[in-house]
């Protein structure tokens, strides 16, 4: 089982305002590495008060950070050929698309899957499938709304879901969730 779990935090309501990106790399069913980048968004120095209240990232934190354009090639290499999984994937995919469009990059041919749908299939009787609630259910502690921590928990929950569903490889993921796969 190979995939990357991805999470963005944004500075404003604009989807191209990524201010942090976290990626957790899963190879052979094991978490290999989790990486994160603070990103100076196009809106800099403006950050929405609401967004800062959620993730705690401020303009001062990203003042010297690279732009999305400056980190994209490293990120693209991590994503190349991998399935992307995100919790509430429609948001993260929209942020990725908006950042790529803003900087004039081509969208990669990337399949993605939402870990909420995966968790709903694995645990049918839960009241909530939010990242925090699923983590609490599995007794996983993390720094919620920081991109690296959210990406890693997304990866952990996805692996637990696949294990519960007895899915052991990417072909089986495609067989079971094929209709839920989206293309960036």
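The values are calculated or read from the model by the stated rules, or taken from the named source; none is laboratory data. All values derive from a computational prediction rather than experimental measurement. Cβ coordinates were reconstructed from backbone atoms using ideal geometry, including for glycine residues, and neighbour counts include every protein chain displayed.
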Every residue from segment 75-91 that is touching a strand residue (DSSP E or B) at 6+ places or on another chain (Cβ under 9 Å) and in a loop (DSSP other than H, G, I, E, B): 82, 83, 87, 88
Subset of segment 13-42 that is crowded, with 18+ Cβ neighbours inside 10 Å and over 17 Å from the mean Cα position of the chain (by Cα) - its residue that is farthest from residue 75 (Cα to Cα): 42
For segment 72-89: of the residues being more than 9 Å from the chain's Cα centre (by Cα) and free of Cβ contacts under 8 Å to residues at least 60 places away in the same chain, which is nearest to residue 104 (Cα to Cα)? 72
Within segment 22-56, can you find the residues that are over 18 Å from residue 155 (Cα atoms), in a loop (DSSP other than H, G, I, E, B) and without any contact (Cβ under 8 Å) to a residue 60 or more places away in the chain? 39, 40, 41, 43, 44, 45, 46, 47, 48
Filter pass, residue 151 being out of contact with any helix residue (DSSP H, G or I) (no Cβ under 9 Å at 6 or more places or on another chain) and surrounded by 15 or more Cβ atoms within 10 Å (Cβ to Cβ): yes
So how many residues does segment 46-90 have that are in contact with a helix residue (DSSP H, G or I) (Cβ under 7 Å, 6 or more places away or on another chain), surrounded by fewer than 19 Cβ atoms within 10 Å (Cβ to Cβ) and under 12 Å from residue 17 (Cβ atoms)? 0
Are any of the residues in segment 60-71 without any contact (Cβ under 8 Å) to a residue 12 or more places away in the chain, outside any strand (DSSP E or B) and under 20 Å from the mean Cα position of the chain (by Cα)? yes
Mind listing just one residue for me: the one in segment 113-128 that is assigned to a helix (DSSP H, G or I) and closer than 18 Å to residue 147 by Cβ and, of those, farthest from the chain's Cα centre (by Cα)? 116
Quick check: is even one residue across segment 136-145 in contact with a helix residue (DSSP H, G or I) (Cβ under 9 Å, 6 or more places away or on another chain), modelled with pLDDT of 95 or more and crowded, with 19+ Cβ neighbours inside 10 Å? no
Test residue 118 against the criterion of being touching a helix residue (DSSP H, G or I) at 6+ places or on another chain (Cβ under 6 Å) and either over 24 Å from residue 52 (Cα atoms) or at pLDDT below 95 (or both), and give yes or no. yes
